[in-house]
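The values are calculated or read from the model by the stated rules, or taken from the named source; none is laboratory data. Keep in mind that what you see is a predicted model, and the values were worked out from it rather than measured. Every residue, glycine as well, gets a Cβ built from its backbone with ideal geometry; the counts of neighbours run over all protein chains shown. Each accessible area value is taken on the protein alone, full model and side chains, heavy atoms only, with ligands, DNA and RNA left out. Shrake-Rupley method; radii C 1.70, N 1.55, O 1.52, S 1.80 Å.
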Amino acid sequence: MSKPLKDHICEEQLFSSIYRKYSKDLHNFLYYKFGSQLNPQDKMQEAFVKLWENCAKVPQNKAKSFLFTTANNLMLNEFAHQKVVLRHHQTKPKHSTNINPEFLLQEKEYRAKLENAIANLTEAQRVAFLMNRVEGKRFKEIAALLDISTKAVEKRIYGALKKLRKDIDEL
């Protein structure tokens, strides 16, 4: 047997009066307890939506308790959700790439071609080329270390590049 209509908050005027009476207090309660980061205004409104959805089940004298409990639970759920999101952002994915096996095979073949081509350079070209490209030394530094002119270093490196281009089609 249902209770008389005045005991339920489904009547729009009664619900509006409850909203005016408790909305500010509920917002302040959530704001002071949880801060502004979890948006207490939204949770306060969600609590009133839940009260409206359950208006036939909640008697007028239990409305305040229902609102505060519901809003508190909504905030706790949001807080737990934010912890999960934060934990997820902190975990780094395991070493994964979008490199497929075909690319790895091509890279391995290219590296073998390059190493073979470098091995086929003359010793003078190889030394000057590796000092410049691998160690990052400038032509003047290489010339001083090898006790040769800068022009000789240039000639050796350009000769090495020419030979490498010829030996490796893709370069």
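Among the residues of segment 90-103, some residue qualifies, meaning at least one is open to solvent by 100 Å² or more (accessible area, probe 1.4 Å) and more than 28 Å from the chain's Cα centre (by Cα).
Among the residues of segment 16-40, those identified as within 32 Å of the chain's Cα centre (by Cα) and open to solvent by 70 Å² or more (accessible area, probe 1.4 Å) are Y31, Y32, K33, S36, Q37.
Here is a check on your reading of the model: is F48 touching a residue at least 40 places away in the same chain (Cβ under 8 Å), touching a helix residue (DSSP H, G or I) at 6+ places or on another chain (Cβ under 7 Å) and open to solvent by less than 70 Å² (accessible area, probe 1.4 Å)?
no
For L74, the criteria (1) closer than 30 Å to D167 by Cβ; (2) part of a helix (DSSP H, G or I); (3) without any contact (Cβ under 8 Å) to a residue 40 or more places away in the chain hold in every case but one, which is (1). Annotation note: Cβ proximity below 6 Å between a residue of segment 104-118 that is at pLDDT 85 or above and a residue that is in a helix (DSSP H, G or I) (sequence gap 6+ or interchain) occurs for A117/L164; A117/D167. Going residue by residue through segment 140-147, is there one that turns out to be farther than 22 Å from K108 by Cβ, under 45 Å from the mean Cα position of the chain (by Cα) and free of Cβ contacts under 8 Å to residues at least 24 places away in the same chain? There is at least one residue in segment 140-147 that is farther than 22 Å from K108 by Cβ, under 45 Å from the mean Cα position of the chain (by Cα) and free of Cβ contacts under 8 Å to residues at least 24 places away in the same chain.
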